Amino acid sequence: MVDSRTPQRAATEPEIATPALVRIENVSKEYHLGDASLLALRQINLNIHSGVFMALAGPSGSGKTTLLNLIGCIDTPTNGRIVIAGLDVTGRTADELATLRALTIGFIFQTFNLLPVLSAQENVEYPLLQFEELSAAGRRERVMHFLDLVGLREFARHRPNQLSGGQRQRVAIARALAVQPKMVLADEPTANLDHKTGKGILRLMRRLNRQTGVTFVFSTHDQRVIDMADRRVDLEDGEIIRLGMRSGKQWTYAMERANPDADDDDNDDQK
Ligand SMILES: Nc1ncnc2c1ncn2[C@@H]1O[C@H](COP(=O)(O)OP(=O)(O)OP(=O)(O)O)[C@@H](O)[C@H]1O
Ligand SMILES: [Mg+2]
């Protein structure tokens, strides 16, 4: 799989031999609306290795948010099994899932979801209150460390309405990372930002992925954002149609459904 033309391998190249951080096995998700039912995900099989920077791509309605919600234990599959960090999360109670979520998963949302009455610093601190072993001083130190990482130390006392969109998303990133999760899930993290700011947010996420080794999984329809990932999962009508791995500027597709669109006839020499 090594591309000799691109000596710089991703710093976070996953350790193939270790078990995946997330294992999704034969997962389907059906929604019911009155008498009608809708199969939002069909027979999804996917391994997410620790340390990857993974994009879920696909048109509106293809199942990206549904899949992120299942990985994030916000929702449960209709069929199939999801194993996170060795723990089978299928069939757990809502309380058990909430605990697992709080300890292992950080979330970043399209609309930032900051609490408007709290300052940047307090927003980052809020999820840390669940850790009884952390002293107030320890909490503050951690908050400032993560605000620093996202370049917002001087804005610690600003409330969300005193920050730009990009700055708000950076607070949300600091908040997600401050719990020191195993992975961060981001649903369209750049959708409410202009392209330049969105790209800056993605660059920041990628730098944090490399620096901290935290796994990132994010959804997007923006091709330019997808190209910043090192793994991509292409969804269409609730199915995975393609799995890609990036090496340098080139994508190699590990799996591709028969009869894909004819727009990807380049750089398939490593298949
Ligand atoms: N709570 C729900 N109840 C019923 N149907 C739902 C629900 N949530 C999603 N769906 C349907 O499931 C399918 C997948 O939706 P999902 O939100 O996962 O798509 P998406 O890829 O995230 O789209 P977008 O890019 O627009 O955010 C869609 O057809 C949607 O209408
Ligand atoms: Mg969505």
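No lab work stands behind these numbers, since they all come straight from the coordinates. In this text the structure is predicted, and so the values were computed from the model without any measurement. Every residue, glycine among them, receives a Cβ derived from its backbone with ideal geometry; neighbour counts consider all protein chains shown.
Averaged over residues, the count of other Cβ atoms within 10 Å places the peptides 242-254, 162-174 in the sequence 162-174, 242-254, highest first. Projecting the Cα atoms of Ile241, His32, Ala55 onto the charge dipole of the chain, computed from C-beta unit charges around the Cα centre, puts Ala55 farthest toward the positive end. Springs join every pair of Cα atoms under 10 Å in this Gaussian network model of the chain, and among Arg23, Arg257, Arg175 the largest mean-square fluctuation is at Arg257. Pairwise Cα distances in region 22-256 exceed 31 Å in 22 percent of cases. Counting only DSSP H runs of at least 4 residues, each contributing -39500 (n - 2.57), and dividing by the residue count of the chain, the helix-based mean residue ellipticity at 222 nm comes to -8500 deg cm²/dmol. Dipole orientation for region 128-215: of the candidates Pro181, Met205, Gln130, Met205 has the Cα lying most toward the positive pole (charges on Cβ; Lys, Arg +1; Asp, Glu -1). Couplings 3J(HN,Hα) for region 226-234, derived from phi with the Karplus relation 6.51 cos²θ - 1.76 cosθ + 1.60 (θ = phi - 60°), are 4, 5, 8, 7, 10, 9, 9, 10, 9 Hz, where x marks Gly and Pro. What is region 19-95 by shape, rounded, prolate or oblate, if you read a ≥ b ≥ c off the alpha carbon gyration tensor as root eigenvalues and call it rounded for a/c under 1.5, prolate for a/b larger than b/c, and oblate otherwise? Verdict is oblate for region 19-95.
Computed 3J(HN,Hα) for region 81-89, one whole-Hz value per residue from the Karplus formula 6.51 cos²θ - 1.76 cosθ + 1.60 where θ = phi - 60°, is 9, 10, 10, 10, 6, x, 9, 6, 8, glycine and proline marked x. Counting only alpha carbon atoms, the long axis of helix 165-178 and the longest principal axis of the chain meet at about 90°. The long axis of helix 136-149 is offset from the longest Cα principal axis of the chain by roughly 50 degrees. Computed over the chain with a Gaussian network model linking Cα atoms closer than 10 Å, the most mobile of Ile240, Ile74, Ile84 is Ile74. Considering only Phe218, Phe131, Phe155, the Gaussian network model of the chain with Cα springs below 10 Å gives its largest mean-square fluctuation to Phe131.
In debye to the nearest 20, how big a dipole does the chain give about its Cα centre with +1 on each Lys and Arg Cβ and -1 on each Asp and Glu Cβ? With Lys and Arg at +1 and Asp and Glu at -1, about 1080 debye. When the pairs Lys64/Lys199; Lys64/Lys182; Lys199/Lys249; Lys29/Lys182 are compared against a 22 Å limit on Cα-Cα distance, Lys29/Lys182 fall above it.
Computed from backbone phi, the HN-Hα couplings of region 245-255 come to 10, 9, 10, x, 8, 9, 9, 10, 9, 7, 8 Hz, rounded to whole numbers (Karplus: 6.51 cos²θ - 1.76 cosθ + 1.60, θ = phi - 60°; Gly and Pro given as x). As I understand it, the value is the acute angle between the Cα axis of helix 94-104 and the longest principal axis of the Cα atoms of the chain; what does it come to in degrees, rounded to 10? Relative to the chain, helix 94-104 is tipped by roughly 80 degrees.
Counting only Cβ charges, +1 for Lys and Arg and -1 for Asp and Glu, the dipole size of region 159-240 around its Cα centre is about 760 debye.
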